[in-house]
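**Q** Supplied in structure tokens, the structure appears directly below.
The values are calculated or read from the model by the stated rules, or taken from the named source; none is laboratory data. This structure is a prediction, so every number in the text was calculated from the model and none was measured. For neighbour counting, all protein chains shown are included, and Cβ atoms are generated from backbone atoms with ideal geometry for every residue, glycine included. Accessible surface is based on the protein model in full, side chains and every heavy atom, while ligands, DNA and RNA are left aside. Shrake-Rupley method; radii C 1.70, N 1.55, O 1.52, S 1.80 Å.
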Amino acid sequence: MRLGPGAPKALRALGGTPMLVHAVRAMADSRAVSLVVVVAPPDGAGEVKSLLDAHALPERTDVLVVPGGDSRQESVKRGLDALPEGYDIVLVHDAARPLVPVDTVDAVVEAVRDGAAAVVPALPLADTVKQVEPAAAPGEPEPVVATPDRSRLRAVQTPQGFERATLVRAHETVTDDVTDDAGMVERLGLAVVTVPGHEEAFKVTRPLDLVLAEAVLARRRLNDGF
């Protein structure tokens, strides 16, 4: 809704191609990724499958489309349930981050391979952050209650990487509503580590984000010669 009226966010065009296709290609560009499971709206899995079939993806990467659930958490769980045996490292990625560089994907995979149970790409914050008491009504002033030390805070991106068994246990154990899968692993008492994120892995949420994404894509095409 924050992106404005039109097609669902993941199907919005970016450079003439749906954001979802860009996001799948961003994962498939990594040679460490051999399967991408796309969790689609329950009533739109067929449409998403047709959409992906119509766009070229690396032949070495398989794509599986499964219907999701009523929440992000349930949808990730359904993607996990559809994952065949033999995949011990799982990446969870937002389709709304269509331009994550392959180096970021590879860094997350390598950190899991090196023994981390859960890995998130993250960036230092450029802005000062205030903790507030939420307003009683939208638009009303909010009292500031604290100013956290910015040097100890990070903005988290995706893909987040996990040992498969750890992520499965998290989804079987944690029932509280959480905003990301790394938070579920934290609830298990396990360590989550960060690797450097990238400024181009931003989330397309508002109309200005779409403008910025178009600019990044145009610059890439110019630099890459296509």
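**Q** When you go through A135, A96, A116 one by one, which is the residue that is out of contact with any His (no Cβ under 6 Å at 6 or more places or on another chain), part of a loop (DSSP other than H, G, I, E, B) and farther than 26 Å from V174 by Cα?
**A** Only one candidate qualifies: A135.
**Q** Follow-up question, since we're still on this one. Being in a helix (DSSP H, G or I) and either of a type outside the set (D, E, K, R) or more than 18 Å from the chain's Cα centre (by Cα) (or both) is the filter here; which residues of region 29-73 pass it?
**A** Result: A45, G46, E47, V48, K49, S50, L51, L52, D53, Q73.
**Q** Taking the options V204, V211, V174, name whichever one is touching a residue at least 40 places away in the same chain (Cβ under 8 Å) and of a type in the set (V, I, T).
**A** V204
**Q** So G79 ticks every box in (1) open to solvent by 20 Å² or more (accessible area, probe 1.4 Å); (2) assigned to a helix (DSSP H, G or I); (3) without any contact (Cβ under 8 Å) to a residue 60 or more places away in the chain but one. Which box is left unticked?
**A** If we test G79 against (1) open to solvent by 20 Å² or more (accessible area, probe 1.4 Å); (2) assigned to a helix (DSSP H, G or I); (3) without any contact (Cβ under 8 Å) to a residue 60 or more places away in the chain, just (1) comes out false.
**Q** Out of the residues in region 11-20 that are in a helix (DSSP H, G or I) and open to solvent by less than 20 Å² (accessible area, probe 1.4 Å), state the one that is farthest from Y87 (Cα to Cα).
**A** M19
**Q** Checking A23 against (1) part of a helix (DSSP H, G or I); (2) small (G, A, S); (3) open to solvent by 40 Å² or more (accessible area, probe 1.4 Å), which test does it fail?
**A** Tallying (1) part of a helix (DSSP H, G or I); (2) small (G, A, S); (3) open to solvent by 40 Å² or more (accessible area, probe 1.4 Å), A23 fails exactly one: (3).
**Q** Additional query: Restrict the check to region 145-164 and report whether at least one residue is hydrophobic (A, V, I, L, M, F, W, C) and part of a loop (DSSP other than H, G, I, E, B).
**A** The answer is yes, given that some residue of region 145-164 is hydrophobic (A, V, I, L, M, F, W, C) and part of a loop (DSSP other than H, G, I, E, B).
**Q** Out of T128, T179, I need the residue that is hydroxyl-bearing (S, T, Y), in a loop (DSSP other than H, G, I, E, B) and farther than 19 Å from K203 by Cα. Which one?
**A** T128
**Q** Residues of region 205-226 being part of a loop (DSSP other than H, G, I, E, B) and either open to solvent by 100 Å² or more (accessible area, probe 1.4 Å) or not polar (S, T, N, Q) (or both), which ones?
**A** Passing the criteria: R206, G225, F226.
Listed here are the residues, each with its yes/no results for (1) small (G, A, S); (2) in contact with a helix residue (DSSP H, G or I) (Cβ under 8 Å, 6 or more places away or on another chain); (3) closer than 20 Å to M19 by Cα.
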position	(1), (2), (3)
A137	yes, no, no
R154	no, no, no
F162	no, yes, no
P196	no, yes, no
L212	no, no, yes
D224	no, no, yes
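**Q** If you don't mind, there's one more thing I want to ask. Of the residues T194, T175, only one is open to solvent by 40 Å² or more (accessible area, probe 1.4 Å) and over 21 Å from R113 (Cβ atoms); which?
**A** Of T194, T175, the one residue that is open to solvent by 40 Å² or more (accessible area, probe 1.4 Å) and over 21 Å from R113 (Cβ atoms) is T175.
**Q** Does region 144-163 contain any residue that is open to solvent by 40 Å² or more (accessible area, probe 1.4 Å), in contact (Cβ under 8 Å) with a residue 12 or more places away in the chain, more than 12 Å from Q73 (Cβ to Cβ) and polar (S, T, N, Q)?
**A** yes
**Q** Now, a different point. Among the residues of region 82-99 satisfying the criterion of being under 24 Å from L11 (Cα atoms) and more than 15 Å from the chain's Cα centre (by Cα), which is surrounded by the most Cβ atoms within 10 Å (Cβ to Cβ)?
**A** Checking each candidate, the answer is L83.
**Q** Between a first residue in region 24-35 that is among the charged types (D, E, K, R) and a second residue that is not in a loop (DSSP other than H, G, I, E, B), which pairs have beta carbons less than 7 Å apart while being 6 or more apart in sequence or on different chains?
**A** From residues that are among the charged types (D, E, K, R), the pairs are D29/V102.
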